[in-house]
Structures are given as structure tokens and as C-alpha cells.
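Colleague: There's a structure below that I have some questions on.
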Amino acid sequence: MKNLIFFGPPGAGKGTQATIISDFLKVPHLSTGDILRKKLFDKDDLAIKLKKIMSSGNLVSDDILNSIVSSRLKKESNNGFILDGYPRTLKQSQFLDNFLLETSNTINCIFDIQINFEILKDRILKRSSEESRDDDKIEVIETRYNEYLNSTQKVSNFYKDKYSSIFYEIDGSLQINEITEKIKQIIKKS
Ligand code: AMP
């Protein structure tokens, strides 16, 4: 069974790689950003609240995220899973660790896709013209990147220390297919 986590700043290519690897391994891809963006279509009170937070580039509350992820993992964890965009805070990582312990699951590989701010700013602006995401505006990118530095990087560093033997740093400035190849090689060996 394959349980994977993808870390990296917004625009690093986590979603692209997670989609390709999900297809390669036939393992469900769980992107919390995609799940939340789908919830926006509900147009209820929660959707209004989420839209405000997401379009400003801030993080949605841990309680909402933990409940979304645990209900999806309960359904899917027998087939393995690829987490993309979660955990993003230390509280989320504690919740995930407890969940895995309770359900006798473990993580097999963690990929941290690294890229500098200038390259990712260009990529996100290009994506904004293709996908018209509310949070791909120049003024929001900085907030999202700061959320990454202040919260998520602490989480990936925590995993890097705790799970050093299964933690892989990947150069996100490479071409998409080169990154995929590196990830596939690691998965094949693990
Ligand atoms: P993403 O597509 O992963 O960049 O996520 C888009 C937005 O969804 C983020 O900027 C956050 O507002 C929200 N979001 C996604 N995943 C999480 C998470 N694990 N914790 C908190 N907020 C999240």
C-alpha cells in the first residue's frame, strides 16, 4: 500500500505531481485545496466563510480541515492515499498522526518540492490567467507564501526530523517530467 504526502509552497507543482502519481499508483489523490474549492459551489454560510478566507490567502481553520480529511481518509485509506495540501499546520499534523495510529496506517514516502519565491510567483501568475483562481492574484500570493513559511514549513521540518528515512527533497525548478521521473524512481525503490 502507498500512503504519500506532498509538501511545498503554493505553485511548486504539488498538485500536478500528485495527480500524475495518483494515476501511476492508482491511489486516490486528496487535495484539500480542490475539496475546499468544490465546497464553494454550495453557496451556503460555510461557503461564504471559506471564500472570504481562501481569496485572502489565509488558512482555513484546523477543525474544518481535520474533519474533511478524516472523513475522506476513513473512506479511502484502505486503498492508500496521496495527501496534497495537508497537513499545513502542526495541529493538523498531530491530528493526522493520531488518525494514522488509530487506523494502523503509516506514511510510506514524503516529498517536499522546493522552489524559490521568484519562480513560483511567475508560475502562479501564469496559472491565474489559465484557471482564474481568486487566490492567484499578485497581492494574495505573498500572503499564501507567508502562510507557507510561518506554518507549513514548520510542519515539513517536523516530518523531516521525525521521518528522515522516507523524506525526500525535490528540486521544483526542474521540468514537470523530470520531477515525475525522480519521484517514480524513489517510489519504486521504497
Ligand atoms: P491550495 O490549492 O492547496 O493552494 O489551497 C488553496 C487554499 O485552500 C489555501 O490558500 C487555504 O486557504 C485553503 N487550504 C487548503 N488546504 C488547507 C489546509 N490544509 N489548511 C488550511 N487551509 C487550507
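The values are calculated or read from the model by the stated rules, or taken from the named source; none is laboratory data. Everything quoted here is computed from the prediction, not taken from an experiment. Ideal geometry is used to build each Cβ from the backbone, glycine not excepted, and the neighbour counts take in all protein chains shown. Just the protein is used for accessible areas: all its heavy atoms, side chains included, with ligands, DNA and RNA removed. Shrake-Rupley method; radii C 1.70, N 1.55, O 1.52, S 1.80 Å.
Colleague: Just one of the numbered conditions (1) more than 15 Å from the chain's Cα centre (by Cα); (2) open to solvent by 30 Å² or more (accessible area, probe 1.4 Å) is not true of R88; which one?
Modeller: For R88, the failing item is (1).
Yes or no, residue by residue, for (1) away from the ligand (no atom under 15 Å from the Cβ); (2) open to solvent by 70 Å² or more (accessible area, probe 1.4 Å); (3) not in a helix (DSSP H, G or I):
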site	(1), (2), (3)
N98	yes, yes, no
I107	yes, no, yes
I124	no, no, no
S129	yes, yes, no
D161	yes, yes, no
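Colleague: Looking at segment 117-128, can you tell me whether even one residue there is farther than 20 Å from G57 by Cβ, among the aliphatic types (A, V, I, L, M) and out of contact with any Lys or Arg (no Cβ under 6 Å at 6 or more places or on another chain)? Quick ask: steps written out before the conclusion?
Modeller: Just the residues of segment 117-128 that are farther than 20 Å from G57 by Cβ, to begin with: none.
No, every residue in segment 117-128 fails to be farther than 20 Å from G57 by Cβ, among the aliphatic types (A, V, I, L, M) and out of contact with any Lys or Arg (no Cβ under 6 Å at 6 or more places or on another chain).
Colleague: Ok, one more. For segment 72-96, how many residues meet the condition of being farther than 12 Å from N3 by Cα and either in a loop (DSSP other than H, G, I, E, B) or of a type outside the set (A, V, I, L, M, F, W, C) (or both)?
Modeller: 12
Colleague: Now a separate question. Check segment 43-55 and report whether any residue there is within 8 Å of the ligand (Cβ to nearest atom), surrounded by fewer than 17 Cβ atoms within 10 Å (Cβ to Cβ) and either assigned to a helix (DSSP H, G or I) or among the β-branched types (V, I, T) (or both).
Modeller: For segment 43-55, residues within 8 Å of the ligand (Cβ to nearest atom), surrounded by fewer than 17 Cβ atoms within 10 Å (Cβ to Cβ) and either assigned to a helix (DSSP H, G or I) or among the β-branched types (V, I, T) (or both): present.
Colleague: Out of N105, N150, N98, N116, report the one residue that is farther than 14 Å from G11 by Cα and in contact (Cβ under 8 Å) with a residue 40 or more places away in the chain.
Modeller: Values: N150 fails: in contact (Cβ under 8 Å) with a residue 40 or more places away in the chain; N98 fails: in contact (Cβ under 8 Å) with a residue 40 or more places away in the chain; N116 fails: farther than 14 Å from G11 by Cα.
After ruling out the rest, the residue left standing is N105.
Colleague: Being among the charged types (D, E, K, R), surrounded by fewer than 17 Cβ atoms within 10 Å (Cβ to Cβ), in contact with a helix residue (DSSP H, G or I) (Cβ under 8 Å, 6 or more places away or on another chain) and not in a helix (DSSP H, G or I): is that true of D112 here? Before the answer, list the steps.
Modeller: On the way: among the charged types (D, E, K, R): yes; surrounded by fewer than 17 Cβ atoms within 10 Å (Cβ to Cβ): no; in contact with a helix residue (DSSP H, G or I) (Cβ under 8 Å, 6 or more places away or on another chain): yes; not in a helix (DSSP H, G or I): yes.
So D112 fails the test.
Colleague: Sort out which residues of segment 58-71 are in a loop (DSSP other than H, G, I, E, B) and either touching a helix residue (DSSP H, G or I) at 6+ places or on another chain (Cβ under 6 Å) or acidic (D, E) (or both), and write them in order of number. It would help to see each step written out before you state the result.
Modeller: Of all residues in segment 58-71, those in a loop (DSSP other than H, G, I, E, B) come to 58-61.
Passing the criteria: L59, V60.
Colleague: If you go through segment 56-76 one residue at a time, how many are more than 10 Å from the ligand (Cβ to nearest atom) and open to solvent by 10 Å² or more (accessible area, probe 1.4 Å)? Walk me through it before giving the result.
Modeller: Taking segment 56-76 first, the residues more than 10 Å from the ligand (Cβ to nearest atom) are 63, 67, 70-76.
Checking the rest, the ones that are also open to solvent by 10 Å² or more (accessible area, probe 1.4 Å) come to 63, 67, 70-72, 74-76.
Residues meeting the conditions: 8.
Colleague: Going by the structure shown, is L40 open to solvent by 30 Å² or more (accessible area, probe 1.4 Å), more than 8 Å from the ligand (Cβ to nearest atom), more than 17 Å from the chain's Cα centre (by Cα) and modelled with pLDDT of 95 or more?
Modeller: Values: open to solvent by 30 Å² or more (accessible area, probe 1.4 Å): yes; more than 8 Å from the ligand (Cβ to nearest atom): yes; more than 17 Å from the chain's Cα centre (by Cα): yes; modelled with pLDDT of 95 or more: no.
Answer is no for this residue.
Colleague: Moving on. So for segment 134-144 (the condition being open to solvent by less than 40 Å² (accessible area, probe 1.4 Å), away from the ligand (no atom under 12 Å from the Cβ) and either closer than 27 Å to S190 by Cβ or modelled with pLDDT under 85 (or both)), does at least one residue qualify?
Modeller: So the first thing to find is which residues in segment 134-144 are open to solvent by less than 40 Å² (accessible area, probe 1.4 Å), and the list is 135-136, 140-141, 144.
Still in the running and away from the ligand (no atom under 12 Å from the Cβ): none.
So far as segment 134-144 goes, no, none of its residues is open to solvent by less than 40 Å² (accessible area, probe 1.4 Å), away from the ligand (no atom under 12 Å from the Cβ) and either closer than 27 Å to S190 by Cβ or modelled with pLDDT under 85 (or both).
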